[in-house]
1. Among the residues of the stretch A:118-141, write down those that are more than 17 Å from A:Asn108 (Cα to Cα) and part of a loop (DSSP other than H, G, I, E, B).
2. Does the stretch B:55-72 contain at least one residue that is of a type outside the set (Val, Ile, Thr), within 15 Å of B:Arg109 (Cβ to Cβ) and in contact with a Leu (Cβ under 7 Å, 6 or more places away or on another chain)?
3. Return the total of residues in the stretch A:110-145 being within 13 Å of A:Glu54 (Cβ to Cβ) and not charged (D, E, K, R).
4. A:Asp221 versus (1) under 19 Å from A:Arg175 (Cβ atoms); (2) at pLDDT below 95: which is the lone unmet condition?
5. Within the stretch B:84-96, is there a residue that is under 27 Å from B:Arg178 (Cα atoms) and within 14 Å of chain A (Cβ to nearest Cβ)?
6. Does B:Leu104 count as buried (at least 17 other Cβ atoms within 10 Å of the Cβ) and within 14 Å of chain A (Cβ to nearest Cβ)?
7. Got a number for residues in the stretch B:110-143 being crowded, with 17+ Cβ neighbours inside 10 Å and either polar (S, T, N, Q) or within 14 Å of the chain's Cα centre (by Cα) (or both)?
Amino acid sequence: MTIAEHMKQQAAALLGSEWLGASVRTLILVALAVPIIRYISGAAYRFAKGRMTEQGRMLLRKAISYGGATLLLALVLNNLGFKLGAFLGTAGIVGVAIGFASQTSLSNMISGVFMIGEKSFAVGDLIQVGQWTGTVMSIDLLSVRLRTLDNRLVRVPNEALLKDCMVNITHFPIRRWDLTIGVAYKEDLARVIAVLREVADANHFCLDEPEPLVQFLKFGDSACEILFAVWFQKQHFLDLRETLLTEVKERFDRDGIEIPFPHRTLYAGSATEPFPVRVVGSEGGADRQESNLMSSPDKS
Amino acid sequence: MSEVWGLHTFPSNLCRKLSCGPLQVWLHRKGDEWSICHAYTTGDSVFEFEASAPPKSTDWSRWLVPACEAVAIIPQLPDLPVIVRPDKPLFVSPGATVQFWVRLPIWVRFQFGKNTYHELPALRLSQSWFGDPTEGMACYSLRTTARRDLGSIPAVPYRALCGIEIQNRADEPLDFQRLCLSTRQLAVFPGKTHLETNPVRTTHHGDSERTFIEILEHKPITPPLAEAREPQTRFSHHMNVFRRFQW
């Protein structure tokens with residue numbers, strides 16, 4: 001028998017086999033089912049708009065997609081002649097092995113379920129996790145995706161979120177911005193506090209209520225430190241930050257209120273005069289003079 | 001006052017200036033393009049809408065409205081609730097009723113055609129919050145106070161007079177320090193010399209109870225200059241609008 005005749009014989013055997021028929025049926029099934037599952041999940045996502053939160057809509061779409069994929073897999077296996085009963089029995093044994101191997105993934109999945117139930121944050125919230133601050137893009141099975149303020153994608157495993165502290169910056173509708181402002185010791189603190197209240201009052205993004213908190217905080221190394229805490233609606237933070245600091249500076253300049261640089265005064269002791277220090281000359285050897293430091297007089 | 005509110009035919013290439021309290025608005029039309037520029041002055045100004053040279057400012061808003069040769073200038077009430085305080089704190093005895101008057105600053109709406117409009121507040125109000133830090137609503141804070149004597153409140157064209165009747169149906173005296181008044185269901189009516197809104201009756205049932213708010217009919221019954229922002233429901237319940245929250 002020639003090679004051509006042998007191949008003809010094999011092709012004829014193949015075309016008549018049941019396996020080919022099942023394969024074709026499976027391909028047709030997959031070709032129809034995949035777009036249908038995608039369409040149903042998309043339609044459910046659109047239908048849920050306005051009826052569910054963004055997070056809920058995403059979960060609904062994923063549940064339909066994964067559920068449909070699982071059902072499709074079972075149908076495909078059944079179509080190809082695999083006995084699902086035996087398969088599931090084998091899968092049970094394999095599952096134990098897989099479970100041990102994928103502890104981290106399972107932990108992330110279960111953490112994700114708990115996190116969703118807790119509702120400590122939602123899609124769209126600005127959260128801080130460890131060193132990362134970003135807007136929640138999606139809460140997935142294994143991780144949460146954040147978009148940082150400088151437009152980077154951060155993937156945080158659900159287990160890490162559940163274990164660590166997470167700060168939800170935009171959970172509540174209003175927030176307080178605490179500023180510590182140092183003024184020179186020579187300033188009249190009552191006047192400074194009054195000026196800061198006027199600045200807060202005039203700023204459109206500072207809320208009148210809750211009232212701004214302006215208090216003398218402490219005697220700092222170089223300045224008297226004042227706490228200037230103002231409340232604002234969370235969506236106005238950038239506007240507030242852009243305007244308030246400038247307004248404080250302009251008002252201080254106008255009223256002659258000094259914000260001092262950090263400085264040090266040298267003393268030999270409480271009973272002596274400060275050391276006089278004369279800074280001389282500039283660059284150039286001929287004009288350079290020695291600095292002249294005088295010590296305190298010898299009391300003995 | 002009635003010369004300003006209403007529909008104004010606007011020839012092309014014309015610029016007119018509206019002076020309404022501290023607010024000054026320049027309106028310019030060129031064909032089907034409308035431009036608006038505004039500024040706030042420190043003092044009150046006359047209330048008029050006259051031809052004027054356009055300012056040198058480049059901060060114009062432009063609107064493309066085909067087949068529109070007229071602009072309607074309509075007074076509106078603030079788009080958020082306002083916090084009203086009495087001129088002096090007052091305790092209202094159980095069972096007593098007290099009448100207050102307050103002049104609410106208006107927003108000026110420039111309406112081009114049916115669906116296109118631009119609003120500007122005649123006075124820039126300070127933002128405030130009514131509620132707890134965890135839950136509440138954004139409001140405006142009024143600088144002017146509510147008074148019992150109507151004659152003591154000067155009438156100005158950029159404020160609308162609102163009568164507020166407060167009934168205390170609780171067993172304890174009502175410590176009236178502030179009231180959160182929602183203006184979205186109030187319409188604006190023309191008065192003899194000033195603008196007016198629907199009167200409001202608020203009934204207090206106790207610190208932990210909701211407040212019963214009733215929007216009364218304006219007397220005399222006249223067509224409003226501007227409808228309410230939301231459909232009026234004559235009676236409504238709100239969270240305690242007198243409540244003082246702890247931060």
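1. Correct list: A:Ala122, A:Val123, A:Gly124, A:Asp125, A:Gly130, A:Gln131.
2. Yes, that holds for at least one residue.
3. The qualifying residues number 10.
4. It is condition (1) that A:Asp221 fails.
5. Yes: the stretch B:84-96 contains one or more residues that are under 27 Å from B:Arg178 (Cα atoms) and within 14 Å of chain A (Cβ to nearest Cβ).
6. Here the answer is no, as B:Leu104 does not meet what is asked.
7. Adding up the residues that qualify gives 13.
Okay, residues lined up against (1) in contact with a Lys or Arg (Cβ under 9 Å, 6 or more places away or on another chain); (2) among the acidic types (Asp, Glu); (3) touching a residue at least 24 places away in the same chain (Cβ under 8 Å):
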site: B:Pro133; (1), (2), (3): yes, no, yes
site: B:Ala138; (1), (2), (3): no, no, yes
site: B:Arg169; (1), (2), (3): no, no, yes
site: B:Thr193; (1), (2), (3): no, no, yes
site: B:Glu196; (1), (2), (3): no, yes, yes
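The values are calculated or read from the model by the stated rules, or taken from the named source; none is laboratory data. If you're wondering where the values come from, they're calculated on a predicted model, not measured in any experiment. Cβ coordinates were reconstructed from backbone atoms using ideal geometry, including for glycine residues, and neighbour counts include every protein chain displayed. The protein model used for the area step is the full one, side chains on, heavy atoms only, and it has no ligands, DNA or RNA in it. Shrake-Rupley method; radii C 1.70, N 1.55, O 1.52, S 1.80 Å.
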